[in-house]
């Protein structure tokens, strides 16, 4: 059982107790010497009285001997003369007396004094024994005189003086404690209480209070410093309040601006999605009819030969088909980014061969590379395993990287012909603590990307500001879509580049997706879908996944 903590003693009581104890100890120590001296004075007084009485007894004895009227000894061996009773011991009995009485022994053995006195107690009575030795001219003891008398007055006097001494000490103690109490409460504790009351008021929130101590000492300096501190705190608090009011106003303005921007972004996204969705159908028709016209022109060439009019018409039809395909790619990019922002990207997880994917991409990218005189080669490690991922998303990411690499590759004096290298290797060997992954990198010999643009290059609709990039068409969505898709596949897309020495885009994917992370990504996509209207991106929420040619994976 835990005992309750004892109540603390106040500073006033602590000071009073300590000071009172110190005064009591000092007074006690100071009264010891006077009391001892008083006792010694009483003993000296009794010694002097005993000496005078013995002197009177000796004179009376001499007179009695001369007159022949010396009284006889009583039963105790005392001779009484003039009311004074003294025991006179002859020289023959001095030795035996010394052996029986320590006082006699002390007088006989003393070389500097011939008498001594010793107080003894007989019941409740205090008796003084006085001994004096008489010696001849040669120093031999001739008589030993012993006087026994009561000293009632000395004991009473000692008691009375002790009482007076204690009374005076007690009075001094009371006066000292009273004086110290008044001094401490007026000069020390009163300012401390005033400061404590001021501090309590400040703790309760009153910063307008000020300490009014006027003692002319360190307490007044402390109060002045305390008031200055309160002034600084009050000024700082008022300044913070004004800043908070300004911040509240700014936050309100930003909130309104943010709401307006959100609405504008929503309208923009809805407009882009709806326009892109509506443009895709007529563009498919335009591309289809352009291809049909090209087939008709090809049959006419076979039947009637290659005439100038047919060449011109074929050229125009081919331009229509190429421009339509490019426009359709732009529309598809806008729709894909809209789906990603709305959380409506469907993922189908299946075993995928990195080698087969890279070989297929080489067949698609080779015509574009031949047009730009770019050499494309593949370096694939032989130990690449099958990975669990979405084949279409992987194909889209790598195609975007390869098309950009071919588009921006330029021949150089050091490397000669422009090159694009696609490499794939296993990142971690089996048995390591790291997550088993594969790394696919696309390296080109283009102009590189400046340091300030390395992160912005992945932003939507952003293109590097430079002479080289302005010569190439594009929407600036390829890398943004690729990074978003890489994150959905639990991978990362990074960039390593150096101005004038080309760039390397690296895609790292796990061999097998993590189910916990997949669930988090799925929840994030669902949140995006809940925040967006079902028809925001031109996609009907009731349309099943199979309608877009994909099967949704329940783990993602």
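Observations on the model:
- Against the list (1) without any contact (Cβ under 8 Å) to a residue 60 or more places away in the chain; (2) surrounded by 14 or more Cβ atoms within 10 Å (Cβ to Cβ); (3) closer than 28 Å to residue 477 by Cβ; (4) not assigned by TED's automatic domain parsing to the domain that holds residue 380, the condition residue 317 fails is (3).
- Some residue of segment 299-307 being touching a strand residue (DSSP E or B) at 6+ places or on another chain (Cβ under 6 Å) and assigned to a loop (DSSP other than H, G, I, E, B): no
- The single condition among (1) over 49 Å from the mean Cα position of the chain (by Cα); (2) surrounded by 21 or more Cβ atoms within 10 Å (Cβ to Cβ); (3) not in a strand (DSSP E or B) that residue 392 does not meet is (2).
- Across segment 223-241, the number of residues qualifying as in contact (Cβ under 8 Å) with a residue 24 or more places away in the chain and either surrounded by fewer than 11 Cβ atoms within 10 Å (Cβ to Cβ) or touching a helix residue (DSSP H, G or I) at 6+ places or on another chain (Cβ under 7 Å) (or both) comes to 3.
- So residue 208, is it over 24 Å from residue 17 (Cβ atoms) and in contact (Cβ under 8 Å) with a residue 24 or more places away in the chain: yes
Quick grid of which residues meet (1) within 30 Å of residue 31 (Cα to Cα); (2) surrounded by 17 or more Cβ atoms within 10 Å (Cβ to Cβ); (3) at pLDDT below 75:
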residue: 75; (1), (2), (3): no, no, yes
residue: 95; (1), (2), (3): no, no, no
residue: 98; (1), (2), (3): no, yes, no
residue: 103; (1), (2), (3): no, yes, no
residue: 107; (1), (2), (3): no, yes, no
residue: 116; (1), (2), (3): yes, yes, no
residue: 124; (1), (2), (3): yes, no, yes
residue: 137; (1), (2), (3): no, no, no
residue: 146; (1), (2), (3): no, yes, no
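- Leading residue by the ranking (farthest from the chain's Cα centre (by Cα)) among those in segment 156-205 that are at pLDDT below 80 and closer than 19 Å to residue 31 by Cβ: 157
- The set of residues in segment 193-222 that are assigned to a helix (DSSP H, G or I), in the same structural domain as residue 237 (by TED's automatic domain parsing) and surrounded by 12 or more Cβ atoms within 10 Å (Cβ to Cβ) comprises 219, 220, 221, 222.
- Out of 355, 348, sole residue that is on the phi < 0 side of the Ramachandran plot, in contact with a helix residue (DSSP H, G or I) (Cβ under 8 Å, 6 or more places away or on another chain) and modelled with pLDDT of 80 or more: 348
- Some residue of segment 332-339 being in a loop (DSSP other than H, G, I, E, B) and within 30 Å of residue 384 (Cα to Cα): no
- With respect to the conditions (1) at pLDDT below 85; (2) surrounded by 15 or more Cβ atoms within 10 Å (Cβ to Cβ); (3) out of contact with any helix residue (DSSP H, G or I) (no Cβ under 8 Å at 6 or more places or on another chain), residue 457 lacks only one, and its number is (3).
The values are calculated or read from the model by the stated rules, or taken from the named source; none is laboratory data. Since this is a predicted model, take the numbers as computed values, not measurements. Counting neighbours? That spans all protein chains shown, and the Cβs are built from the backbone with ideal geometry, glycine included.
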